[in-house]
Amino acid sequence: LEDVGMPLMLSKVVAFAGTGERFVYESGRSFSYAQLLSDANHLCFALNNNQDMCGQRVAFLIERSYAYVACTLGIWLAGATCVPLCTAHPPAELAYYVADSAAVCILAATETELATCTAVRDAHVPGIPVGR
């Protein structure tokens with residue numbers, strides 16, 4: 001498996017964005033590179049208001065899915081560092097990861113997931129729903 005890294009991944013997404021080509025098929029839905037770039041940019045602007053986050057850490061608690069890919073790319077575009085959290089880990093472990101990484105916020109798929117995530121409450125950092 002080739003390690004493509006962020007610059008190569010981003011260049012591939014941008015190159016394919018104008019083609020209309022689909023790349024993710026999930027639960028009967030497909031997503032294009034253009035949609036991925038749009039969703040990642042939307043998250044980028046929500047995170048930083050046009051200011052580089054300069055390597056600040058952003059935790060995210062999202063199942064492996066299209067939203068996971070869009071979140072990763074959006075965080076990178078914002079200039080931040082990804083702190084992926086595993087949805088199968090116990091709340092105390094998630095809270096430890098958030099605190100230890102000094103994450104500035106936690107992203108989750110929905111408001112409900114944020115409300116039920118004790119890691120958000122225990123870490124005292126803002127939670128942001130990313131939808132999808």
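The values are calculated or read from the model by the stated rules, or taken from the named source; none is laboratory data. Just so you know, these numbers come straight off a predicted model, no measurement behind them. Virtual Cβ from ideal backbone geometry, glycine too; neighbours counted across all protein chains shown. Side chains included, ligands, DNA and RNA excluded: accessible areas come from the protein's heavy atoms. Shrake-Rupley method; radii C 1.70, N 1.55, O 1.52, S 1.80 Å.
So for the chain: antiparallel DSSP bridges make up what percent, rounded to the nearest 5? Could the numbers behind the result be given before it?
Numbers: 4 of 15 bridges.
In the chain, approximately 25 percent of DSSP beta bridges are antiparallel ones.
Can you give me the distance in nm between label points at residue 124 and residue 23, each placed 7 Å from the Cα along the Cα-to-Cβ direction?
For the pair residue 124/residue 23, the computed spacing is 4.0 nm.
Can you give me the C-alpha center-to-center distance between region 57-80 and region 34-55, rounded to a whole angstrom?
Here the answer is 10 Å between Cα centres.
If you roll a 1.4 Å probe over the chain with all protein chains in place, what percent of the accessible area is carbon or sulfur?
Values: 4080 of 7450 Å².
The computed percentage sits at 55.
Can you give me the accessible area per residue for region 6-120, using a 1.4 Å probe, in Å²? Please report the intermediate quantities before stating the final value.
Numbers: 6020 Å² over 115 residues.
Value returned for region 6-120: 52 Å² of accessible area per residue.
Express in nm, to one decimal, how much length is gained between residue 86 and residue 30 on full extension, taking 0.36 nm for each residue of separation and deducting their alpha carbon distance.
On the way: separation 56, 0.36 × 56 = 20.16 nm, distance 2.41 nm.
In short, 17.7 nm is gained.
With all protein chains present, calculate the accessible area of residue 22 using a 1.4 Å probe and round the result to the nearest 10 Å².
Around 110 Å² of this residue is reachable by solvent.
If I model the chain as equal point scatterers sitting on the Cα atoms and use the Debye formula, what is log10 I(q)/I(0) at q = 0.11, 0.22 Å⁻¹?
The computed values of log10 I(q)/I(0) come out as -0.39, -1.34.
Determine, from the Cβ-Cβ distance of residue 49 and residue 14 and an R0 of 22 Å, the FRET efficiency 1/(1 + (r/R0)^6), rounded to the nearest 0.05. Before the final figure, lay out the partial values.
Numbers: r = 22 Å, r/R0 = 1.01.
FRET efficiency, residue 49 to residue 14: 0.50.
Highest mean first, how do 62-72, 88-98 rank when packing is the count of other Cβ atoms within 10 Å averaged over residues?
Listed from highest to lowest mean packing, they are 62-72, 88-98.
Tell me the angle of helix 33-48 to the major Cα principal axis of the chain, expressed in degrees between 0 and 90 and rounded to the nearest ten.
With rounding to tens, the tilt is 40 degrees.
If you line up the long axis of helix 66-77 against the longest principal axis of the chain, both from Cα atoms, how many degrees apart are they, to the nearest 10?
90 degrees
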